[in-house]
Amino acid sequence: MEVCVDSLSSAIAAAEGGATRIELCSALLEDGLTPSVGLFEVVKSVIKIPIFVMIRPKMLNIYNYSEKEVEEMEYDIKMFKSKKADGFVLGALTSEGLVDENVCKRLLLITAPLPVTFHRAFDLTTDPFYSMEKIISLGFERILTSGQKKTALEGVNLITELIKHSNGRIIIMPGVGICVKNLKVILEKTGAIEFHASAKTQVILKTPNLGEETKVFVTSKVHVKEMVDIYQNYST
């Protein structure tokens, strides 16, 4: 189980709940952006499971990058690699919705020999099977996907077909909207060997002096453990 987190408390909850890996980012509400080096350093110091760092410099579902943005990503990868990141999560598309091989090659040249996940830019590609073959040829270890739908449950049919066509050449990791209630169904239908979730719960933060309340989402240790148990029962 990979858990996506954007805070120290969520990272700790994921590790204590039994996650096998975390995807570290910032701004999860924006589908995840590159985290700060400070957050990475602190998380790295307190948890022992692998940390894959999101490399994504801008929000919105825009994954084609300017030369300067690519240089920014190259710099970030070098920095996190020097800080002992265990892997990376990244991706790039052309304006036509194809995998940007040139940009990906540049980034993978720097990430090597660490494992890399192609993120949900995949869900915006125009031909998922063609794109999967390109991603395999580039050397990515896995693809994170919701099956080109709003949630992995809705995209379960495409995810199943991708896993079948990949034939073990790359890991297809379902993600988005996966929770305790639907995890078993998704695993049974797809045959996935990994899955990705935020395992989040809502917390209300109060500021008494202002008389205000703020709702935030954080990873729940309980939810993580429940999903890990479901996966272990399924895999045995």
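Derivation of every value follows stated rules applied to the coordinates shown; laboratory data play no part. All values derive from a computational prediction rather than experimental measurement. Cβ sites come from the backbone with ideal geometry, for glycine too, and all protein chains shown count toward neighbours.
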(request) Scan [x] 30, 21, 18; [y] 35, 23, 19; [z] 26, 23, 17 for the value of semi-axes √(5λ) of the Cα gyration tensor in Å calculated from this model and give just the label. (result) [z]
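By counting other Cβ atoms within 10 Å of each Cβ, how are C179, C25 ranked from fewest to most? Walk me through the numbers on the way to the answer.
Values: C179 16, C25 23.
Listing C179, C25 from fewest to most nearby Cβ atoms yields C179, C25.
Run the numbers for S235 and M59: contour at 0.36 nm per residue of separation, minus the present Cα-Cα distance, in nm.
Numbers: separation 176, 0.36 × 176 = 63.36 nm, distance 3.58 nm.
Contour length minus Cα-Cα distance gives 59.8 nm.
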(message) Under the rule of at least 5 residues apart or a separate chain, name every residue whose amide H is placed under 5 Å from the amide H of K200.
(response) S220
(request) Could you pull out which residues in segment 95-134 have an amide N less than 19 Å from a spot 7 Å beyond the Cα of S66, following the Cα-Cβ vector? (result) 95-96, 103-104
(request) At a Cα cut-off below 23 Å, give the lysines reachable from K81, other chains included and same-chain residues fewer than 8 away excluded. (result) K44, K48, K58, K68, K105
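Could you give the length gained on full extension between L98 and V37, defined as 0.36 nm per residue of separation minus the Cα-Cα distance, in nm? Walk me through the numbers on the way to the answer.
Values: separation 61, 0.36 × 61 = 21.96 nm, distance 3.05 nm.
Taking 0.36 nm per residue and subtracting the Cα distance, the gain is 18.9 nm.
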(message) Can you give the local net charge around V37? Use residues other than it whose beta-carbon is closer than 14 angstrom to its beta-carbon, Lys and Arg +1, Asp and Glu -1.
(response) +2
(request) Rounded to whole Hz and in sequence order, give me ³J(HN,Hα) for segment 114-129 from the Karplus expression 6.51 cos²θ - 1.76 cosθ + 1.60, θ = phi - 60°, writing x for Gly and Pro. (result) 6, x, 9, 9, 7, 7, 6, 4, 4, 6, 9, 6, 7, 9, x, 6
(request) State, as an integer percentage, the relative contact order of the chain based on alpha-carbon contacts under 8 Å between residues 6 or more apart. (result) 18 percent
(message) To the nearest 20 Debye, how big is the dipole of the chain about its Cα centre, given +1 on the beta carbon of each Lys and Arg and -1 on that of each Asp and Glu?
(response) 540 debye
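Just to confirm a number: summing +1 for Lys and Arg and -1 for Asp and Glu over residues other than A27 whose beta-carbon lies under 11 angstrom from that of A27, what do you get? Please list the in-between numbers first.
On the way: positive: R56, K58; negative: D6, E30, D31.
Around A27, the charge tally is -1.
In what sequence do R142, R21, R106 fall when counting other Cβ within 10 Å, fewest first? Display every interim value, and only then the final one.
Numbers: R142 23, R21 20, R106 16.
Least to most surrounded, the residues fall as R106, R21, R142.
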(message) Given points 7 Å out from each Cα along the Cα-Cβ axis, report the F129 to R169 separation in nanometres with one decimal.
(response) 1.2 nm
